[in-house]
1. Out of (1) modelled with pLDDT under 90; (2) open to solvent by 80 Å² or more (accessible area, probe 1.4 Å), what's the single condition that is false for residue 82?
2. Test residue 2 against the criterion of being surrounded by fewer than 19 Cβ atoms within 10 Å (Cβ to Cβ), among the charged types (D, E, K, R) and either in contact (Cβ under 8 Å) with a residue 40 or more places away in the chain or outside any helix (DSSP H, G or I) (or both), and give yes or no.
3. Which of the residues spanning region 25-58 are at pLDDT 90 or above and among the hydrophobic types (A, V, I, L, M, F, W, C)?
4. How many of the residues in region 10-26 are surrounded by 13 or more Cβ atoms within 10 Å (Cβ to Cβ) and more than 10 Å from the chain's Cα centre (by Cα)?
5. Restricted to region 35-59, and to residues that are in a helix (DSSP H, G or I), over 15 Å from the mean Cα position of the chain (by Cα) and of a type in the set (Asp, Glu), which residue is farthest from residue 3 (Cα to Cα)?
Amino acid sequence: MRNEQEVNQALTTYSDIVRKICIVHLKNYHDSEDVFQDVFVKYLLSDKDFENDDHEKAWIIRVTINACKDKIKNFFRKKVDSLDDLFIEPLDISSENKELIEVILSLPEKYRIVIYLFYYEGYSAIEISKILEKKENTIYTWLARAREQLKEKLGGDFFEE
């Protein structure tokens, strides 16, 4: 079990990343907050020794993704309509990025997460493949397909390399 100082440091360092991954996966503020808490409780209870900060960050991202997948599989979530239509927490999104974020959220889950990790967190495709436990070529394919879908939906060249 970790001490309070370690948990506070992790919260300060990774809370923004965890929240964004949750929103990308779940598209629901309240479920995202539940998963956010679950991730940091798992961190608190974990005895895992990390090699460095990058290893710790990758572990937190992997735990977050797994927790989101578990939340999506939840029976209650599948059988009940979302209340987010009634109670939406305002996201801190500028109006110019709102269209892009809405289009990214409309992508299939596997594309949303690779786009987020690649463009927003700055991970390379090789690093993403390790985090998601997928082959490198799969990540490259998902990135290419996600870019293509974004170009079609946005009608522009937003992701030129």
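The values are calculated or read from the model by the stated rules, or taken from the named source; none is laboratory data. This is a predicted model, so every value here is computed, not measured. FYI the Cβ positions are ideal-geometry reconstructions off the backbone, even for glycines, and counts take in every protein chain you see. Surface areas here come from the heavy atoms of the whole protein model, side chains and all, with no ligands, DNA or RNA. Shrake-Rupley method; radii C 1.70, N 1.55, O 1.52, S 1.80 Å.
1. Going through the list (1) modelled with pLDDT under 90; (2) open to solvent by 80 Å² or more (accessible area, probe 1.4 Å), residue 82 breaks only (2).
2. On the way: surrounded by fewer than 19 Cβ atoms within 10 Å (Cβ to Cβ): yes; among the charged types (D, E, K, R): yes; either in contact (Cβ under 8 Å) with a residue 40 or more places away in the chain or outside any helix (DSSP H, G or I) (or both): yes.
Taking the combined requirement at face value, the residue satisfies it.
3. Across region 25-58, the qualifying residues are 35, 36, 39, 40, 41, 44, 45, 50, 58.
4. Pass one, region 10-26, residues surrounded by 13 or more Cβ atoms within 10 Å (Cβ to Cβ): 10-11, 13-15, 17-26.
Next, only the ones that are more than 10 Å from the chain's Cα centre (by Cα) stay: 10-11, 13-15.
Final tally of qualifying residues: 5.
5. Going through region 35-59, the residues in a helix (DSSP H, G or I) turn out to be 35-45, 53-59.
Next, from what is left, pick out any that are over 15 Å from the mean Cα position of the chain (by Cα): 41-45, 53-56.
Retained after the next criterion (residues that are of a type in the set (Asp, Glu)): 53-54, 56.
Working: 53: 17, 54: 20, 56: 15 Å.
Only one residue tops the list, namely 54.
Each row is one residue, and each column tells you yes or no for (1) acidic (Asp, Glu); (2) touching a Lys or Arg at 6+ places or on another chain (Cβ under 8 Å).
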| position | (1), (2) |
| --- | --- |
| 114 | no, no |
| 117 | no, no |
| 129 | no, yes |
| 136 | yes, no |
| 139 | no, no |
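Yes or no, residue by residue, for (1) over 15 Å from residue 23 (Cβ atoms); (2) modelled with pLDDT of 90 or more; (3) in contact with a His (Cβ under 9 Å, 6 or more places away or on another chain):
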| residue | (1), (2), (3) |
| --- | --- |
| 96 | yes, no, no |
| 114 | yes, yes, no |
| 120 | no, no, no |
| 125 | yes, yes, no |
| 130 | yes, yes, no |
| 135 | yes, yes, no |
| 143 | yes, yes, no |
| 146 | yes, yes, no |
| 156 | yes, no, no |
